[in-house]
Each structure stands twice: as structure tokens, then as C-alpha cells.
Amino acid sequence: MKNLLLLHGALGHSSMFTPYLEELSKYFNIHTPLFSGHGNTSLPEDGITIEKYTQELAEYCEKENLEDVYILGHSMGGYIALCYALENPKKVNSIMTLGTKFDWTEEQALKESKLLNPDVIIEKVPKYAEQLEIQHGTQWKQLLPEIGKMMTSLGKNQPLKDKVLTKIETPVQIMIGDKDNMVSLEESIDVYKKIPNAKLAVLPDTKHPLDKVRPILLFDLMKDFWKLT
């Protein structure tokens, strides 16, 4: 049976893929690794970076002996998937990214990272604070600033620069919700045009969070892209 990696986003959790597991398990052996600092995993002592998470994914694939793997990555998970494919093209069959932000600037990264203030989230978005505590335990308050630092680092140095994107050989489908307020349609189209073997899909009436995506929409796109019958 084929292997499928489901990669969560920053501040996300593998449990967010639960609505998809039963259906996808008809076609794949499913792997839902957690990036360090998320869920019950420890925060890395040397900080969180895209490069570190790409290395964690490489180590996971090596440990599980995953070759010719299929990947669906939400948000940051999609970014990590493409970085991994760039370094390990022969180990990846194909990638679907959903709501992945590619256009990072220092100014934008700083703006996004300022929103990751635990006290502000508790006051302004208490339900989200509760969700973060359920998913990551009390360390969610330490995880937020670390993700903020990762964003700032992305603003200064993007691993997936324009010239790099043209070197991705893996078949890719870039997906974005038309109501995503974190990722623009323009940046998604731009990346789709630069990756040689890429397709583009826009999900109607769909916001950024994975739990706001209608599973039937995503299933249909997966079945089409991966020719699941």
C-alpha cells in the first residue's frame, strides 16, 4: 500500500486530520508526525526553523523507511513538504499543499509574529486559546513566540525563493481557499507558475484553518490529483 504523510501547520496538530483518516486509509498507509514543540513533543532547545522541521521530516521518513511517499501539507506543512522534496526528489511521489504562505517579507513576518501574543489571544480569542491548550498543553504559551521567531526568520531568508521553485521536479498541486485571509491568491498563482510540474486548485468559500475546510471538497481534489479509485 502507498504511504501518505499528512503534515500539520504551525500551531496545528495531527489530530486536525482526523476527519480524513477513515476515507484515506482505504488507499494509503497514513503517517501523521508531529513537529517538535507541538502536541506532547518538547520544544527544541535550539529554536524552531523551517530547516529544522525539514530535517525532522527527513529523519521521520528515514526511520519509517518511506520511499515514493505522497504528501499533503497544510499551511507550514506544505512549505516543509516542498523543502523536503527539493532535497530528496527521488523519495517523494507528489505533494498537495493547502493554504501555504510563500510570500514572506520582513515587515509581514513581524506583523504576523506580533499577533502571536498569548495574553492577547486569551483576551481576544479565548476559544482559540482553549484549543491551543488542548492540543499543546501548557507549553502553547512558549510555542507561540518560537513560531513568531520562525516567521521572522522566513521574512529575512526564504528557503523557497523564486529560482529554487523552478528546480522542484515533484508533481505538485497548490491549493488555496478563496476566503483565506493569510495567504493571497496571487502568491499561490505565482508559485504554481514557477514549479514546472504544478497544478492549481481554488477551494470555494474556504478559509485558512484546516477545521474550516469542507472535507468533501478536499477529498474530491485528492481523489482527482492522486487518481484514487
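The values are calculated or read from the model by the stated rules, or taken from the named source; none is laboratory data. None of these values were measured; they are calculated from a predicted model. Cβ placement follows ideal geometry from the backbone for every residue including glycine, while neighbour counts extend to all protein chains displayed. With ligands, DNA and RNA removed, areas are computed over all heavy atoms of the protein, side chains included. Shrake-Rupley method; radii C 1.70, N 1.55, O 1.52, S 1.80 Å.
What to note about this one:
- Centroid-to-centroid separation of segment 97-113 and segment 183-197 [C-alpha atoms, Å]: 14 Å
- Along segment 179-184 the Karplus relation, 6.51 cos²θ - 1.76 cosθ + 1.60 evaluated at θ = phi - 60°, assigns HN-Hα couplings of 10, 5, 9, 10, 10, 8 Hz to successive residues, with x for each Gly and Pro.
- Residue among Lys156, Lys63, Lys199 with the largest mean-square fluctuation in a Gaussian network model of the chain, springs linking Cα atoms under 10 Å: Lys63
- Rounded to 0.05, the FRET efficiency of the Tyr128 and Lys90 pair, given R0 = 30 Å and the Cβ-Cβ distance, is 0.15.
- Amide H contacts of Asn3 (H built 1.01 Å from N, in plane; Pro and chain starts excluded): Asn29, Tyr70 sit under 5 Å, all sequence-distant by 5 or more or on other chains.
- Derived scalar couplings ³J(HN,Hα) [segment 50-65; Karplus, 6.51 cos²θ - 1.76 cosθ + 1.60; whole Hz; x for Gly, Pro]: 4, 4, 5, 5, 5, 5, 4, 5, 4, 5, 5, 5, 5, 4, 8, 6
- Matching label, P(r) over Cα pairs in 10 Å bins from 0, in percent computed from the structure shown, candidates (i) 9, 35, 33, 18, 5, 0; (ii) 8, 34, 40, 17, 1; (iii) 7, 31, 35, 19, 6, 1, 0: (ii)
- Dipole in debye (nearest 20) - the chain, about Cα centre, beta carbon charges: Lys, Arg +1; Asp, Glu -1: 400 debye
- Per-residue ³J(HN,Hα) for segment 128-136, Karplus 6.51 cos²θ - 1.76 cosθ + 1.60, θ = phi - 60°, Hz, x for Gly and Pro: 5, 4, 4, 4, 5, 5, 5, 7, 10
- Residue pairs exceeding 19 angstrom between C-alpha atoms, taken from Lys127/Lys207; Lys111/Lys167; Lys114/Lys212; Lys2/Lys63; Lys2/Lys212: Lys111/Lys167; Lys114/Lys212; Lys2/Lys212.
- The ellipsoid that matches the Cα gyration tensor of segment 109-196 has semi-axes, each √(5λ) in whole angstrom, of 31, 15, 12, with the longest given first.
- In segment 55-202, Cα pairs under 8 Å separated by at least six residues give a relative contact order of 26 percent.
- Solvent-accessible area, 1.4 Å probe, carbon plus sulfur percent, for the chain: 51 percent
- Both numbers refer to the Cα atoms of segment 1-133; Rg and Dmax are 15.7, 47 Å.
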